[in-house]
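Trainee: Dropping a structure here in structure tokens format, bear with me for questions.
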Amino acid sequence: MANIQAAGRLVSCRGILFDKDGTLLDFMALWGSWAETLTGFVERELETLGAGALFNKSALLGLRLDEANRVIGYDRTGPVAMGTEEEVTALLAGLLYAAGVPWNDAVNRIREFNAAALAELKRRREARPMAGLREFLDACREAGLALAVVTSDVTAEALEHLEWMGLRERFGSVVGRDRVGRGKPGPDMALLACRELGISPAEAVVIGESNADMQMGKRAGVRLTVGLAETEDGAPPGATYLRDADVVVSGYRELSVR
């Protein structure tokens, strides 16, 4: 057992379950270019169909845009932050369907766009660890903690992203949405990861950047849920969207293991 301290809370645990995007890696560094590429394809397709006005990136996907319509951020309560690839595909296919494209053709077209956007993402390999992550993982290893990744991404892509960052060997279990019957906020990912680590959920801590991560941990019965949040507009970190977190921190330097 080791002790983890976060925002004044000190608990003992045997393992930590990490979300991936926005928790292990910088979300915008990796997925910002993907979102830019994918939505660009959809915009051009809708313009060709004479239905360009249908697409509001902010309202539909929760993307934050600058004055030049470039993606500069995302809503942590939205589909890009918490949704699966299939859910985002369905949202975008709905736009093409509304523009007169048969549903099957709309879905296939969005899948083609997404495949092209993912190919560009793989070419760039812009996975960047969150600030302070490597040092925190070193401390976890020294304390003998078992570590896992629980992500709404598919497992193969999650493994690939960990490899790009040189972190794959740090985790004894990697659970993507394709390995369970129910994704977040259901408990299945956390329960499977704990089984593979050889620990009980009551001996685990969940660290994530969305409230779906917090709800997953609560439903699985973990010892502590830690929300990783950024301070925005001077508000306390996680004051609204991480309502099910036991504690909220703004970065790994606010966590310690001993």
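Trainee: Mind telling me which of the residues R182, R219 ends up being modelled with pLDDT under 95, open to solvent by 40 Å² or more (accessible area, probe 1.4 Å) and more than 23 Å from F136 (Cα to Cα)? Working first, answer last.
Mentor: Numbers: R219 fails: modelled with pLDDT under 95.
Sole residue among the options that is modelled with pLDDT under 95, open to solvent by 40 Å² or more (accessible area, probe 1.4 Å) and more than 23 Å from F136 (Cα to Cα): R182.
Trainee: Quick check, is L54 of a type in the set (A, V, I, L, M, F, W, C), open to solvent by 30 Å² or more (accessible area, probe 1.4 Å) and more than 23 Å from the chain's Cα centre (by Cα)?
Mentor: Spelling it out, L54 is indeed of a type in the set (A, V, I, L, M, F, W, C), open to solvent by 30 Å² or more (accessible area, probe 1.4 Å) and more than 23 Å from the chain's Cα centre (by Cα).
Trainee: Can you tell me which residue in region 159-169 is surrounded by the fewest Cβ atoms within 10 Å (Cβ to Cβ), limited to those that are without any contact (Cβ under 8 Å) to a residue 24 or more places away in the chain and part of a helix (DSSP H, G or I)? First the steps, then the outcome.
Mentor: At the first step, the residues of region 159-169 found to be without any contact (Cβ under 8 Å) to a residue 24 or more places away in the chain are 159, 163, 166, 168-169.
This time we only want the ones that are part of a helix (DSSP H, G or I), so: 159, 163, 168-169.
Working: L159: 16, E163: 13, R168: 15, E169: 8.
It comes out as E169.
Here's the yes/no breakdown for (1) under 21 Å from D153 (Cα atoms); (2) free of Cβ contacts under 8 Å to residues at least 60 places away in the same chain; (3) open to solvent by less than 30 Å² (accessible area, probe 1.4 Å):
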{"site": "L61", "(1), (2), (3)": "yes, yes, yes"}
{"site": "N69", "(1), (2), (3)": "no, yes, no"}
{"site": "G83", "(1), (2), (3)": "yes, no, yes"}
{"site": "A90", "(1), (2), (3)": "yes, yes, no"}
{"site": "L96", "(1), (2), (3)": "no, yes, yes"}
{"site": "D105", "(1), (2), (3)": "no, yes, no"}
{"site": "E112", "(1), (2), (3)": "yes, yes, no"}
{"site": "E126", "(1), (2), (3)": "yes, no, no"}
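Trainee: Continuing with the same structure: Can you pull out the residues in region 185-214 that are farther than 25 Å from S256 by Cβ and either in a loop (DSSP other than H, G, I, E, B) or open to solvent by less than 20 Å² (accessible area, probe 1.4 Å) (or both)? Spell out how you get there, then give the answer.
Mentor: Step one: of region 185-214, the residues farther than 25 Å from S256 by Cβ are 185-189, 191-192, 195-196, 212.
P185, G186, P187, M189, A212 - these are the residues of region 185-214 that are farther than 25 Å from S256 by Cβ and either in a loop (DSSP other than H, G, I, E, B) or open to solvent by less than 20 Å² (accessible area, probe 1.4 Å) (or both).
Trainee: Next up: Can you find, within region 71-81, the residue that is surrounded by the fewest Cβ atoms within 10 Å (Cβ to Cβ) among those that are modelled with pLDDT of 85 or more and among the hydrophobic types (A, V, I, L, M, F, W, C)?
Mentor: Per the stated criteria, the residue is I72.
Trainee: Enumerate the helices (runs of 4 or more DSSP H) found wholly within region 84-158, keeping only those where 1 or more residues are basic (K, R). Spell out the reasoning first.
Mentor: On the way: elements: 85-98, 103-124, 133-143.
Per the criteria, 103-124, 133-143.
Trainee: I need a count of the residues in region 128-143 that are small (G, A, S) and open to solvent by 60 Å² or more (accessible area, probe 1.4 Å). Explain how you work it out, then say what you get.
Mentor: Applying the first criterion (small (G, A, S)) to region 128-143 yields 131-132, 139, 143.
In the following step, the residues that additionally are open to solvent by 60 Å² or more (accessible area, probe 1.4 Å) were identified as 131.
The number of residues fulfilling the criteria is 1.
The values are calculated or read from the model by the stated rules, or taken from the named source; none is laboratory data. In this text, all values refer to a predicted model and were calculated from it rather than measured experimentally. Every residue, glycine among them, receives a Cβ derived from its backbone with ideal geometry; neighbour counts consider all protein chains shown. These area figures cover heavy atoms from the full protein model, side chains too; ligands, DNA and RNA do not enter into them. Shrake-Rupley method; radii C 1.70, N 1.55, O 1.52, S 1.80 Å.
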